[in-house]
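Everything on this sheet refers to the single structure shown next.
The values are calculated or read from the model by the stated rules, or taken from the named source; none is laboratory data. This is a predicted model, so every value here is computed, not measured. Heads up, the Cβs are rebuilt from the backbone with ideal geometry, glycines too, and the neighbour counts pull from every protein chain shown. We work out accessible area using only protein heavy atoms, side chains counted, and drop any ligands, DNA or RNA first. Shrake-Rupley method; radii C 1.70, N 1.55, O 1.52, S 1.80 Å.
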Amino acid sequence: MISLSYAIAIALMVTLEMIRCCMPRGLSALNQYYTVFYEKDSLAQGGGFVVLHISLLIGRVHPLWVHQLLQYETTSKSLFTQCDCEPINLLPYIGVIALGMGDFVGALGGLTFLSPTCWPGGSLQTLEGSFCMFLSMICSIGSFLTLLVWNHLNIQAFVLTLTLLTLTEASTRQINSLCLPVVASTFLILIAIMPNDNVT
């Protein structure tokens, strides 16, 4: 049901954005509401399609859709049909953890410190923001562990995934709301299909 709700919301946002693009920029109430996105979206600056808010929703639901596709796998050789390991169980929530907590708290942390230190190599992200992002995701997963009961607890898998997410957010120049969930989903699936003695 949540998956369907996400799909409907994405379809509505795309429809509204198409309507907005067809309206005069100065006369549309939608254009005035979307002004906050213009400075961050190069396409929007030219009056084009704004993708930031839509990509945020897609990024949150992407891991959920991937998890549902793996659940629908019915072949006897499937690696996921009887998998009860934490990486796969965490998969539906990693989009919310990475974007709803990690990316959001990381942005707040990077703006809170008076003299933040940027990552080397010309990155616009700060070490303080990345540290806040990592800690917030650790706390989020800790809260999930108290609500969900799993057969095993693989701390290494979680730490590796969150470290990779933090480094990806610090180094990429792409849209974080699309990159982070894809990276997290891929890494969790790789950990899940690896032999247990390789990740414990």
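What are the residues in the stretch 100-117 that are touching a strand residue (DSSP E or B) at 6+ places or on another chain (Cβ under 6 Å) and assigned to a helix (DSSP H, G or I), if any?
Passing the criteria: only G110.
In the stretch 118-139, which residues are at pLDDT 85 or above and not in a helix (DSSP H, G or I)?
T126
List the residue pairs whose Cβ atoms are under 8 Å apart, where the first residue sits in the stretch 126-148 and is buried (at least 17 other Cβ atoms within 10 Å of the Cβ), the second is modelled with pLDDT of 80 or more and among the polar types (S, T, N, Q), and the two are 6 or more positions apart or on different chains.
T126/T117; L127/T117; E128/T117; S130/T166; M133/T166; F134/T163; F134/T166; M137/T166
This table checks each residue for (1) open to solvent by 80 Å² or more (accessible area, probe 1.4 Å); (2) at pLDDT 75 or above; (3) not acidic (D, E).
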residue	(1), (2), (3)
I10	no, yes, yes
T15	no, yes, yes
I19	no, yes, yes
L27	yes, no, yes
Q32	yes, no, yes
G46	no, no, yes
V50	no, no, yes
L57	no, yes, yes
H67	no, yes, yes
